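Working notes for the structure below.
The values are calculated or read from the model by the stated rules, or taken from the named source; none is laboratory data. This one's a predicted model, so the numbers in the text were calculated from it and none came from an experiment. Cβ placement follows ideal geometry from the backbone for every residue including glycine, while neighbour counts extend to all protein chains displayed. Side chains are part of the model used for accessible areas, which takes the heavy atoms of the whole protein and leaves out ligands, DNA and RNA. Shrake-Rupley method; radii C 1.70, N 1.55, O 1.52, S 1.80 Å.
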Amino acid sequence: MSAVHVLLGILADGTPRHGYDLKQAYDALLPRARPLAFGQAYATLGRMVRDELIAEAGHDSAGGPERTSYQITGAGRDSLAGWLGTVERPAPFVTEALFTKVVVALRTGSDGATARAYLIAQRAAHTDRMRELTRAKTDPAANVSDVVAVDYLLGHLDADLAWMQTTLTRLGALRAELHEGDHR
């Protein structure tokens, strides 16, 4: 994810905003993502000014320390449009710990019991998380960003559950295949 482009997206409406407000807007826009750290927000804004994606729009010190407001530039709008128009490539490699643990568990124990136990426990954890997310999604206070994020998470959890079920069904054959490969 690109913090630069999320911040440009927030500034795209033309309203100048100061750093603290941008950090808060970022976190509100992506409620289920890792929050943007204050240090990262200000360092990113500094790079964005340097790269002429944003410009200082003014300074305000009403009621506290001086705050700099920023606004998007033409170059920033172009960068945002290019980023939004670029299709993300699907991940070329499996990097999830879930997959790695199952493959390693298949190599341990003679009957696949370790992998089976892990998959059953993980399935229960996924199901609990799906229930929690479904409650959050149906909360009357949920905003559009939260609902979209929950739908995304639910889709991934559902895909994981389908993979876990397929793997549980095939454990014996997978285990035999791994051991056959060891003896070649």
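Would you please name the residue that is least open to solvent (accessible area, probe 1.4 Å), looking only at residues in the range 47-62 that are part of a helix (DSSP H, G or I) and out of contact with any Phe, Trp or Tyr (no Cβ under 8 Å at 6 or more places or on another chain)?
In this case the residue turns out to be R47.
What's the number of the condition A81 fails, among (1) at pLDDT below 90; (2) open to solvent by less than 90 Å² (accessible area, probe 1.4 Å); (3) not polar (S, T, N, Q)?
(1)
Determine the pairs where a residue that is of a type outside the set (S, T, N, Q), located within the range 135-155, has a partner that is outside any helix (DSSP H, G or I) and surrounded by 15 or more Cβ atoms within 10 Å (Cβ to Cβ) with Cβ atoms under 8 Å apart, the partner being 6 or more residues away or on another chain.
Listed pairs, sorted by first residue: A136/A142; D146/P31; A149/L30; A149/P31; V150/A142.
Using beta carbons and a limit of 8 Å, which pairs, at least six apart or on different chains, have the first residue in the range 96-107 and at positive phi and the second one not in a helix (DSSP H, G or I)?
Cβ pairs passing all conditions: none.
Out of everything in the range 145-184 that is modelled with pLDDT of 80 or more and among the small types (G, A, S), what residue ends up being nearest to the chain's Cα centre (by Cα)?
Going through the qualifying residues, I end up with A149.
Given the condition modelled with pLDDT of 90 or more and either surrounded by 14 or more Cβ atoms within 10 Å (Cβ to Cβ) or over 17 Å from the mean Cα position of the chain (by Cα) (or both), answer yes or no: does some residue in the range 85-94 qualify?
Taking every residue of the range 85-94 in turn, none turns out to be modelled with pLDDT of 90 or more and either surrounded by 14 or more Cβ atoms within 10 Å (Cβ to Cβ) or over 17 Å from the mean Cα position of the chain (by Cα) (or both).
Residues checked against (1) out of contact with any strand residue (DSSP E or B) (no Cβ under 8 Å at 6 or more places or on another chain); (2) small (G, A, S); (3) assigned to a strand (DSSP E or B):
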site	(1), (2), (3)
L36	yes, no, no
L80	no, no, no
R89	yes, no, no
D128	yes, no, no
A141	yes, yes, no
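Could you pull out the residue among T73, T108 that is of a type outside the set (A, V, I, L, M) and surrounded by 14 or more Cβ atoms within 10 Å (Cβ to Cβ)?
Step by step, each of T73, T108 is checked, and only T73 is of a type outside the set (A, V, I, L, M) and surrounded by 14 or more Cβ atoms within 10 Å (Cβ to Cβ).
Only residues that are open to solvent by less than 60 Å² (accessible area, probe 1.4 Å) and touching a residue at least 12 places away in the same chain (Cβ under 8 Å): list them for the range 34-46, please.
Of everything in the range 34-46, those that are open to solvent by less than 60 Å² (accessible area, probe 1.4 Å) and touching a residue at least 12 places away in the same chain (Cβ under 8 Å) turn out to be L36, A41, T44, L45.
Out of the residues in the range 17-50 that are among the hydrophobic types (A, V, I, L, M, F, W, C) and more than 30 Å from T134 (Cα to Cα), which is farthest from the chain's Cα centre (by Cα)?
Only one residue fits best here, namely V49.
Go through (1) open to solvent by less than 70 Å² (accessible area, probe 1.4 Å); (2) in a strand (DSSP E or B) for L133 and report which single condition fails.
Looking at each condition in turn, L133 falls short on (2).
From the list P31, P65, which residue is surrounded by 12 or more Cβ atoms within 10 Å (Cβ to Cβ) and part of a loop (DSSP other than H, G, I, E, B)?
Testing whether each residue is surrounded by 12 or more Cβ atoms within 10 Å (Cβ to Cβ) and part of a loop (DSSP other than H, G, I, E, B) leaves just P31.
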